[in-house]
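K.L.:
Handing you this structure, nothing more for now.
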Amino acid sequence: MSSRPIAQYLLPDTAELKNDDVFIGGVSLTALANQYGTPLFVYDELTLRRRAADAASVFDAGVAYASKAFLCGAMARLAVEEGLWIDVATEGELDLVLRSGVPAEKIVVHGNNKSRAEINRALDVGVHRIVVDNFDEIELLRELVSSTRPVSCLLRVIPGVEAHTHEFVQTGQEDSKFGLSITRGDAEEGLRRMRSIEGLHVAGLHSHIGSQIFEVSSFLKALEIVATFAREEHVEEICVGGGLGIAYVEGEQAPSLSEWGAAVRAEALRLFGPDVRITAEPGRSIVGSAAVTIYRVGARKEVADRTYLAVDGGMSDNPRPVLYGSGYEAFALRSPQAERLGVYRVVGKHCESGDVLIDEAALPLDVATGDLIVTPVTGAYGYSMASNYNRVTKPAVVFVRDGVATLVLRRETLDDLIRLEF
Ligand SMILES: *Cc1c(COP(=O)(O)O)cnc(C)c1O
């Protein structure tokens with residue numbers, strides 16, 4: 001663990017470290033915390049736009065933003081403005097994206113257990129594609145699709161590749177709830193059945209091997225397996241999914257979207273030639289490093305072997321440490337350039353010993369009650385996985401750009417929490 005000040009490369013592109021504050025998008029984080037309260041998610045709009053534009057430009061048309069990583073109306077519109085389409089996996093995501101003004105022709109529908117209602121809604125509005133997952137879904141499509149309600153589909157296949165990442169976010173291995181296996185012959189049978197449905201156009205194949213993957217070679221391996229299978233089939237499009245990893249803590253290094261795209265494109269060209277469209281659907285790599293979370297420190301407690309810092313959020317706004325054992329860095333907002341010589345366990349306010357945000361955080365020795373601390377790289381799978389555990393209200397989210405902060409999601413109120421009661 002390094003005691004050096006927080007590394008600039010873990011912060012959004014526009015971050016400026018001052019003596020006693022950090023500015024993102026030209027806006028003071030201290031001022032934002034005071035105005036909007038804490039915990040607070042702050043997204044750098046420039047970083048979001050750059051990553052989105054990078055993703056759109058390195059593949060063929062039809063690259064979709066995997067909205068589950070972070071979704072609100074402002075995010076959906078931003079992604080589309082930068083040339084991306086949008087992936088959804090539930091009716092809730094589909095509904096929000098449609099309400100945000102995204103045209104149905106730019107929406108890709110995923111899901112390993114799509115309901116009749118979800119498929120009907122997708123067909124009614126005329127989405128760009130449905131990514132088909134299993135035989136039951138194919139039979140549901142046979143019932144619901146018709147020549148007057150046609151749809152274009154990809155088949156999600158299991159390439160049988162174990163990407164080097166956390167077991168819970170591996171999806172390319174044979175033992176998976178997602179897709180149909182190439183090895184078992186299920187993918188071939190799936191395509192045969194899909195082709196027999198009137199109004200269903202089979203556009204190609206989809207594979208998504210997992211998330212937070214640092215090695216481009218894992219994607220190339222999957223692509224090669226898909227290519228071998230696709231040789232016998234007529235395909236117009238191959239979607240390589242998402243899953244590109246990002247650096248969360250010092251010392252980690254991930255390929256950029258451009259490096260990932262270039263490597264995948266080159267391999268695809270070799271395997272398929274120029275006539276097959278290559279698309280992707282990144283989530284984390286677009287939004288992850290664009291945001292930070294600001295917390296206020298409440299209790300500081302020394303026990304036998306360590307010092308605890310309790311903040312005003314926790315597993316309800318960032319469940320990743322609990323779910324995956326993910327690591328994060330932190331820095332103190334009033335001294336971001338100071339050496340971080342102390343070691344703290346940063347915990348939340350929930351009634352669980354496991355409610356740990358950072359097991360061993362390097363922070364200055366003098367962090368005290370009332371201080372603001374910031375965890376970088378919280379833009380993906382933080383707010384979108386947020387819960388109301390312990391009836392905690394969800395934080396607010398602001399976008400910052402050119403010195404201006406825009407509240408894109410207000411903080412939940414106690415009234416919001418009782419909305420469902422009779
Ligand atoms: C989650 C998911 C993605 C995005 O993954 P990231 O790791 O956030 O890039 C893309 N496609 C599918 C099918 C997914 O389930």
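The values are calculated or read from the model by the stated rules, or taken from the named source; none is laboratory data. Keep in mind the model is a prediction, meaning the values are calculated, not measured. Glycine gets a Cβ as well: all are built from the backbone with ideal geometry, and neighbour counts include every protein chain shown. Heavy atoms of the whole protein, side chains included, go into the accessibility calculation; ligands, DNA and RNA do not. Shrake-Rupley method; radii C 1.70, N 1.55, O 1.52, S 1.80 Å.
K.L.:
Working carefully through the options 387, 353, find the one that is part of a loop (DSSP other than H, G, I, E, B), away from the ligand (no atom under 16 Å from the Cβ) and under 18 Å from the mean Cα position of the chain (by Cα).
P.N.:
None of the others qualify; the one that does is 387.
K.L.:
Across the stretch 55-86, what is the number of residues that are at pLDDT 95 or above, out of contact with any strand residue (DSSP E or B) (no Cβ under 6 Å at 6 or more places or on another chain), open to solvent by 10 Å² or more (accessible area, probe 1.4 Å) and not in a helix (DSSP H, G or I)?
P.N.:
Here the count works out to 3.
K.L.:
Related question: Just a yes or no: is a residue in the stretch 206-225 within 13 Å of the ligand (Cβ to nearest atom), in a strand (DSSP E or B) and within 22 Å of residue 60 (Cβ to Cβ)?
P.N.:
The answer is yes, given that some residue of the stretch 206-225 is within 13 Å of the ligand (Cβ to nearest atom), in a strand (DSSP E or B) and within 22 Å of residue 60 (Cβ to Cβ).
K.L.:
Another question, if that's okay. Quick check on the stretch 173-193. Is at least one of its residues in the same structural domain as residue 149 (by TED's automatic domain parsing) and over 30 Å from residue 139 (Cβ atoms)?
P.N.:
no
K.L.:
Being under 16 Å from residue 40 (Cα atoms) and not aliphatic (A, V, I, L, M) is the filter; apply it to the stretch 332-376 and report the residue that is surrounded by the most Cβ atoms within 10 Å (Cβ to Cβ).
P.N.:
The selected residue is 375.
K.L.:
Show the residue pairs meeting these rules: Cβ distance below 9 Å; 6+ apart or different chains; first residue within the stretch 66-93 and touching a residue at least 24 places away in the same chain (Cβ under 8 Å) and assigned by TED's automatic domain parsing to the domain that holds residue 318; second residue within 16 Å of the ligand (Cβ to nearest atom) and outside any helix (DSSP H, G or I).
P.N.:
The qualifying pairs do not exist here.
K.L.:
Can you run down the residue pairs with Cβ atoms below 6 Å, 6 or more apart or on separate chains, where the first is in the stretch 294-322 and at positive phi and the partner is modelled with pLDDT under 95 and outside any strand (DSSP E or B)?
P.N.:
none
K.L.:
A further question follows. Suppose we filter 157, 145, 161, 125 for residues that are open to solvent by less than 60 Å² (accessible area, probe 1.4 Å), in contact with a Lys or Arg (Cβ under 9 Å, 6 or more places away or on another chain) and of a type in the set (A, V, I, L, M); which single one remains?
P.N.:
Exactly one residue qualifies, and that residue is 161.
K.L.:
How about the stretch 49-78: which of its residues are of a type in the set (Asp, Glu) and over 21 Å from residue 129 (Cβ atoms)?
P.N.:
Scanning the stretch 49-78 gives a single hit, 54.
K.L.:
Restricting attention to the stretch 105-119, which residues are in a helix (DSSP H, G or I), in contact with a helix residue (DSSP H, G or I) (Cβ under 9 Å, 6 or more places away or on another chain) and exposed (fewer than 15 other Cβ atoms within 10 Å of the Cβ)?
P.N.:
Result: 116, 117.
Let's see how each residue does on (1) outside any loop (DSSP other than H, G, I, E, B); (2) within 16 Å of the ligand (Cβ to nearest atom); (3) crowded, with 23+ Cβ neighbours inside 10 Å; (4) assigned by TED's automatic domain parsing to the domain that holds residue 325:
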position: 227; (1), (2), (3), (4): yes, no, no, no
position: 234; (1), (2), (3), (4): no, no, no, no
position: 238; (1), (2), (3), (4): yes, yes, yes, no
position: 241; (1), (2), (3), (4): no, yes, yes, no
position: 249; (1), (2), (3), (4): no, no, no, no
position: 266; (1), (2), (3), (4): yes, no, no, no
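K.L.:
Away from the ligand (no atom under 16 Å from the Cβ) and in contact with a Ser or Thr (Cβ under 9 Å, 6 or more places away or on another chain), is that true of residue 311?
P.N.:
It is true that residue 311 is away from the ligand (no atom under 16 Å from the Cβ) and in contact with a Ser or Thr (Cβ under 9 Å, 6 or more places away or on another chain).
K.L.:
Quick one: which residue in 415, 402 is among the charged types (D, E, K, R), over 14 Å from residue 295 (Cα atoms) and free of Cβ contacts under 8 Å to residues at least 12 places away in the same chain?
P.N.:
It is 415.
K.L.:
May I pose another question? Can you tell which of 235, 202, 169 is of a type outside the set (Asp, Glu) and at pLDDT 95 or above?
P.N.:
Residue meeting the stated conditions: 202.
K.L.:
Please pick out the residue among 217, 256, 211 that is at pLDDT 95 or above, out of contact with any Pro (no Cβ under 7 Å at 6 or more places or on another chain), outside the structural domain of residue 350 (by TED's automatic domain parsing) and open to solvent by 10 Å² or more (accessible area, probe 1.4 Å).
P.N.:
256 is the lone residue from the list that is at pLDDT 95 or above, out of contact with any Pro (no Cβ under 7 Å at 6 or more places or on another chain), outside the structural domain of residue 350 (by TED's automatic domain parsing) and open to solvent by 10 Å² or more (accessible area, probe 1.4 Å).
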